[in-house]
Amino acid sequence: MSAVFEVKNLKRSFGGLVVTNDVSISMAPGDRVALIGPNGAGKTTFVNLVTGTIPPSSGEVRLGGETVTKVDAIGRVRRGLVRSFQVTRLFQDMTPAEHVGLAVLQRSGRAGRLFGSFLTMPDVMAEVSELLEKLGLAELAHRKVSEIAYGQQRLLEIAVALALKPKVLLLDEPAAGVPQSDTGRIEQALADLPKDLAVLMIEHDMDLVFRFAKRVIVLAAGTIIFDGLPADVTKDARVREAYLGSYAHASHVA
Ligand SMILES: Nc1ncnc2c1ncn2[C@@H]1O[C@H](COP(=O)(O)OP(=O)(O)O)[C@@H](O)[C@H]1O
Ligand SMILES: [Mg+2]
């Protein structure tokens, strides 16, 4: 199948430090890719570059065949590239229904409407209810985010991302900080993602990686050192070396 998301020779330095070093990745609809690598490998920077949060030093990002390297972050969301954040960025005083409702309005170009009024728009509320239901958050729809558990906040982030109707979804450590007892619900949400969506997930929990991913990409010091099948990744000499190096520096595997 043809690529829905392509990154070609992406580079980025901070001062003298090369954080993204000639990275090229291609994804087709329905792909399930895990991006792993030691702490500081450049995974979050990669997401920041491709989503337009920070500009690359050089290289190209393509969405659905269109070059978007000069398109801003909102323009990329509109074209179907959506991310979730490693650290949750929800508004503590807003409810799940309001978060998802605003995302639906943004997607449908109605974000200028007076805040709150969408609660009376039947088409928006139908979509909000369906998404919250799907992620098991229906009963919390009108509670404040500050009152719901962290695992449920992470699920809400996925609901917000889906409300934007992505073609490519980038998830930065969706299970990070979630207690073990709640990771099953995150995993179920990932398993239930639309089949034709291309998903790239950054994750350090290798059990989750192996259950989710059909393909694993390993980043070390800004460079892709492995791109292949999950079954082959732990056998790879360069991958082992990269992780051993990170253990020697007492970093965690992420
Ligand atoms: N805005 C920035 N300015 C300077 N250095 C940065 C910046 N963002 C990230 N870095 C550095 O880039 C490297 C990769 O960071 P990051 O992408 O967060 O790695 P990962 O997500 O794989 O843990 C780290 O050495 C980090 O300190
Ligand atoms: Mg990171």
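Miscellaneous remarks
- Conditions (1) within 20 Å of Asp227 (Cα to Cα); (2) in contact with an Asp or Glu (Cβ under 9 Å, 6 or more places away or on another chain): number failed by Thr45: (2)
- Residue within region 236-244 that is over 15 Å from the mean Cα position of the chain (by Cα), buried (at least 18 other Cβ atoms within 10 Å of the Cβ) and more than 16 Å from ligand 2 (Cβ to nearest atom) present: yes
- Output for region 38-65, where each listed residue is part of a helix (DSSP H, G or I) and either near ligand 1 (Cβ under 10 Å from one of its atoms) or not assigned by TED's automatic domain parsing to the domain that holds Val7 (or both): Lys43, Thr44, Thr45, Phe46, Val47, Asn48, Leu49
- Residue tally, condition more than 9 Å from ligand 1 (Cβ to nearest atom) and either surrounded by 18 or more Cβ atoms within 10 Å (Cβ to Cβ) or in a loop (DSSP other than H, G, I, E, B) (or both), over region 16-31: 8
- Cβ separations smaller than 6 Å between residues 6+ apart or across chains give the following pairs from region 132-151 residues that are without any contact (Cβ under 8 Å) to a residue 40 or more places away in the chain to residues that are of a type in the set (Val, Ile, Thr) and part of a loop (DSSP other than H, G, I, E, B): Gly151/Val178.
- Single residue of Pro166, Pro174 found to be under 24 Å from Arg107 (Cβ atoms), within 16 Å of ligand 2 (Cβ to nearest atom) and either touching a residue at least 60 places away in the same chain (Cβ under 8 Å) or of a type in the set (Ser, Thr, Tyr) (or both): Pro174
- Residues satisfying the stated conditions in region 184-205, i.e. part of a helix (DSSP H, G or I), in contact with a helix residue (DSSP H, G or I) (Cβ under 7 Å, 6 or more places away or on another chain) and over 20 Å from His99 (Cβ atoms): Glu187
- Where helices (runs of 4 or more DSSP H) sit wholly within region 94-175, those with at least 1 residues that are farther than 28 Å from Asn48 by Cβ and among the hydrophobic types (A, V, I, L, M, F, W, C) occupy 96-107, 122-134.
- Conditions (1) within 16 Å of ligand 2 (Cβ to nearest atom); (2) over 29 Å from Val178 (Cα atoms); (3) modelled with pLDDT of 95 or more; number of the one not met by Asp22: (1)
- Unmet requirement for Arg12, which otherwise passes all of (1) within 16 Å of ligand 2 (Cβ to nearest atom); (2) basic (Lys, Arg); (3) in the same structural domain as Met121 (by TED's automatic domain parsing): (3)
- Output for region 210-231, where each listed residue is assigned to a helix (DSSP H, G or I), surrounded by fewer than 16 Cβ atoms within 10 Å (Cβ to Cβ) and touching a residue at least 12 places away in the same chain (Cβ under 8 Å): Phe210, Arg211
- For beta carbons closer than 6 Å, sequence separation of 6+ or different chains, a first residue in region 72-84 that is closer than 17 Å to Val199 by Cβ and a second that is surrounded by fewer than 16 Cβ atoms within 10 Å (Cβ to Cβ) and at pLDDT below 95, there are no qualifying pairs.
- Within region 21-33, at least one residue is within 26 Å of Gln152 (Cβ to Cβ) and either of a type outside the set (A, V, I, L, M, F, W, C) or touching a Phe, Trp or Tyr at 6+ places or on another chain (Cβ under 7 Å) (or both).
The values are calculated or read from the model by the stated rules, or taken from the named source; none is laboratory data. All values reported here derive from a predicted model rather than from experimental measurement. Don't worry about glycine lacking a Cβ; one is built from the backbone with ideal geometry, like all the others, and counts go over all protein chains shown.
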